[in-house]
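The values are calculated or read from the model by the stated rules, or taken from the named source; none is laboratory data. Quick caveat, the model's predicted, so the values are computed rather than measured. Don't worry about glycine lacking a Cβ; one is built from the backbone with ideal geometry, like all the others, and counts go over all protein chains shown. The area values use the complete protein model at the heavy-atom level, side chains included, leaving out ligands, DNA and RNA. Shrake-Rupley method; radii C 1.70, N 1.55, O 1.52, S 1.80 Å.
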Amino acid sequence: QVQLVESGGGLVQTGGSLRLSCVASGSAVGVNAIGWYRQAPGKQRESVAAISTAGRTHYADSLKGRFTISRDNAKNTVYLQMNSLKPEDAAVYYCNAGLLSADVYYRGAYWGQGTRVTVSS
């Protein structure tokens with residue numbers, strides 16, 4: 001079992017920055033990475049970025065350059081640094097425990113409760 005707890009969401013102005021955190025505990029077979037997803041109202045949940053325990057990263061093409069994923073293994077924490085935020089980045093952001101292999105992230109069954117990001121124009 002893997003437990004995930006997100007934090008760091010909030011209200012930010014267009015062009016601002018936020019850093020989200022995901023604290024992970026536990027372990028599961030087939031899990032070697034943490035991924036961030038987001039879901040805006042009325043839209044499907046979409047992949048944002050992922051990072052493996054070895055530090056390999058994967059990003060959604062549309063977000064490369066503005067979002068950066070990193071991890072602190074000593075703290076069991078994965079971060080998502082979001083810069084130059086736009087109103088369309090507003091969503092609930094979730095972390096997920098899954099598998100990153102050959103630059104493809106396979107989401108697993110473990111999800112956090114989400115943290116809301118609001119971007120004012």
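What to note about this one:
- Antiparallel DSSP beta bridges within the range 37-121, as percent of all bridges there, nearest 5: 95
- Solvent-accessible area, 1.4 Å probe, carbon plus sulfur percent, for the range 14-114: 48
- Whole-Hz Karplus values for the range 98-111 come out as x, 10, 10, 9, 6, 6, 10, 9, 9, 5, x, 8, 9, 10 Hz, taken residue by residue from phi with 6.51 cos²θ - 1.76 cosθ + 1.60 and θ = phi - 60°; glycine and proline positions read x.
- Taking the chain and dividing mean pair separation by its residue count, relative contact order in percent (alpha carbons under 8 Å, at least six apart): 36
- Average accessible area per residue (Å²) across the chain - probe 1.4 Å, nucleic acids and ligands excluded: 52
- Overall form of the chain: prolate. Here a/c, set by the Cα gyration tensor axes a ≥ b ≥ c, is 1.5 or more, and a/b is the larger of a/b and b/c.
- Residue-wise HN-Hα coupling along the range 17-26, computed from phi with Karplus coefficients 6.51, -1.76, 1.60 (Hz; x: Gly, Pro): 10, 9, 10, 9, 10, 9, 9, 10, 9, x
- Efficiency of FRET from Cβ geometry, residue 75 and residue 13, R₀ 22 Å, rounded to 0.05: 0.15
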